[in-house]
Amino acid sequence: MAEKRIHNQWSSRLAFMLAAIGSAVGLGNIWKFPYITGEHGGGAFVLVYLVCVALIGIPVMMAEIMLGRRGRANPINTLRTLAQEEGRSPLWAGVGWLGVFAGFIILSFYSVVAGWALAYIIEAMMGHFQGLSGETSGKLFGALTGSPERLLFWHSLFMLMTMVVVARGVRSGLERLVTWLMPLLFVLLAVLVGYAMAAGDFSRGFHYLFDVNFSEVFYRCSPEGQCTFTAEPVLVALGHAFFTLSLGMGAIMVYGSYMPKEASIAGSTLMIAVADTLVALMAGLAIFPLVFAEGLQPGAGPGLVFVTLPIAFGNMPGGQLVGTLFFLLLVFAAWSSSISLVEPAVAFLTENEHLTRPRAAGLIGITAWVLGIGSVLSFNLWSGEEYQVFGKTLFDIKDYLASNIMLPLGGLFIALFAGWALTRRSAEEELAMRSPGLFGKWYFVIRYIAPAGITLVFLNATGLI
Ligand code: TRP
């Protein structure tokens, strides 16, 4: 059986780490984490999210990297050949397909939000943040999202940027991009946290993020004061753990397939998860103190970060420069993430359909761009109720479907594959952990805890139990 295997490889473990962190750290940390935390009431939601990262995200990431490195091909082929080697059903390849579709859906809204960041580089540079208040900042953002032409322009530009890097290939395209930009983003976030301490209501923001009050998160009250229990925030937290770590659709699997044999999977995973979580928490610490100081609503929705931070840039010394730099780095972070969203599809098209990378990139880019038009219109022409389903716009629906359903489902199958379809010996050999005790713990979690946890959250959120 002559299955074509990937010969591409990262130049070192560091290169793999940077690419994986580049994939993980993105809009999910800086845009999505604060706004969904605000929509779900703060501390208790953050705690559930952290538990999901530790208990399900980290073990599933290890499984994805391990499977990718063992299969050395795109996720579809990887799952098919590994299943074959272990005498399992070729249907496992379907999990790879699910991931490819999830990647398209995510990119089709990710690119639009990244477009906001692109547009805000210009706004910052032109000094449009000068002296902004909560109200005027909201207007500035509304003017952007209210204009289909502007959104379409920036969405197109970001898609083009992504496809240019994708066409050039992971090594030449990506490694250089993340090496020094990620640390710089981190420094800038630290500056913003410092500003939030000085100028925001830091104590209130801090307590909002870290004080755990389950009743506020898990009970939804009607205007008449009728409160009912809801487990939906747990599903959102779980979905976000997958989203922020780039799990459940084969992105990390395909990056793992380019990983050198000798690099430690467990150690790398831990570092990626810690870096990713740190960035999200810092973004929260930078944003919520300002939200409260400015009298904004934490639950304002997807625009939260884009309305809040410009107020800071418009009022701090040197804010024009800091603001420009911030949105520039946010674009870079989104760029290194979006690339990984299509890498499974690109690897599939080049390996199985023998397309060149530029051709594969073009095909994928055009498809995701067309899908993205729906996300663009969700904020203006199609924002009305007649275009909504369950009070959600097309943009919201795509995010919900991909993040809260497809990714956890993909993660569930990956855990089941690693824990049950693969033999214990194969898993142990590929993970090559130094401590056998630690392997035993991972194996237990991937066989029982992760699948049971994901299933329970699903059943609970759909109201079945
Ligand atoms: N993790 C990225 C972020 O937080 C988004 C992302 C990139 C992603 N690749 C992914 C999400 C794969 C899910 C699956 O911005």
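Do the conditions hold for Val274, that is, is it without any contact (Cβ under 8 Å) to a residue 40 or more places away in the chain, within 16 Å of the ligand (Cβ to nearest atom) and assigned to a helix (DSSP H, G or I)?
Yes, satisfied.
Just one of (1) surrounded by fewer than 22 Cβ atoms within 10 Å (Cβ to Cβ); (2) modelled with pLDDT of 95 or more trips up Gly284, so point out which.
So Gly284 meets the others, but not (1).
Against the condition in contact (Cβ under 8 Å) with a residue 12 or more places away in the chain, open to solvent by less than 10 Å² (accessible area, probe 1.4 Å) and closer than 30 Å to Phe306 by Cβ, how does Ala102 come out, does it pass? Let's see the steps before the verdict.
Values: in contact (Cβ under 8 Å) with a residue 12 or more places away in the chain: yes; open to solvent by less than 10 Å² (accessible area, probe 1.4 Å): yes; closer than 30 Å to Phe306 by Cβ: yes.
The answer is yes for Ala102.
Considering each residue of segment 346-386, count those that are outside any loop (DSSP other than H, G, I, E, B), among the β-branched types (Val, Ile, Thr) and either at pLDDT 95 or above or open to solvent by 40 Å² or more (accessible area, probe 1.4 Å) (or both), and give that number.
Of all residues in segment 346-386, those outside any loop (DSSP other than H, G, I, E, B) come to 346-351, 357-377, 385-386.
Subset that is among the β-branched types (Val, Ile, Thr): 346, 350, 364, 366-367, 370, 373, 376.
Adding the requirement that they be either at pLDDT 95 or above or open to solvent by 40 Å² or more (accessible area, probe 1.4 Å) (or both) leaves 364, 366-367, 370, 373, 376.
Matching residues across segment 346-386 total 6.
Can you tell me which condition Val95 does not meet? The list is (1) within 16 Å of the ligand (Cβ to nearest atom); (2) open to solvent by less than 10 Å² (accessible area, probe 1.4 Å), and all the others hold.
Tallying (1) within 16 Å of the ligand (Cβ to nearest atom); (2) open to solvent by less than 10 Å² (accessible area, probe 1.4 Å), Val95 fails exactly one: (2).
Among the residues of segment 296-317, are any closer than 16 Å to Ala124 by Cβ, within 16 Å of the ligand (Cβ to nearest atom), touching a residue at least 60 places away in the same chain (Cβ under 8 Å) and among the aliphatic types (A, V, I, L, M)?
yes
What residue, of Val187, Val212, is within 17 Å of Phe326 (Cβ to Cβ) and open to solvent by 60 Å² or more (accessible area, probe 1.4 Å)?
None of the other options fit; the residue is Val187.
Examine segment 81-100 for a residue that is within 19 Å of Glu64 (Cβ to Cβ) and among the acidic types (Asp, Glu), and state whether such a residue exists.
Yes, segment 81-100 contains a residue that is within 19 Å of Glu64 (Cβ to Cβ) and among the acidic types (Asp, Glu).
Does Gly256 satisfy the condition of being away from the ligand (no atom under 16 Å from the Cβ) and either under 28 Å from Thr455 (Cβ atoms) or not aromatic (Phe, Trp, Tyr) (or both)?
Spelling it out, it is not the case that Gly256 is away from the ligand (no atom under 16 Å from the Cβ) and either under 28 Å from Thr455 (Cβ atoms) or not aromatic (Phe, Trp, Tyr) (or both).
When you scan segment 1-97 for helices (runs of 4 or more DSSP H) that lie fully inside it, which ones turn up with 2 or more residues that are among the polar types (S, T, N, Q)?
Output list reads 75-85.
The values are calculated or read from the model by the stated rules, or taken from the named source; none is laboratory data. On a predicted model such as this, the values are computed, not experimentally measured, just so you know. Reconstructed Cβ throughout: ideal geometry from the backbone, glycine too, with neighbour counts over all protein chains shown. The area values use the complete protein model at the heavy-atom level, side chains included, leaving out ligands, DNA and RNA. Shrake-Rupley method; radii C 1.70, N 1.55, O 1.52, S 1.80 Å.
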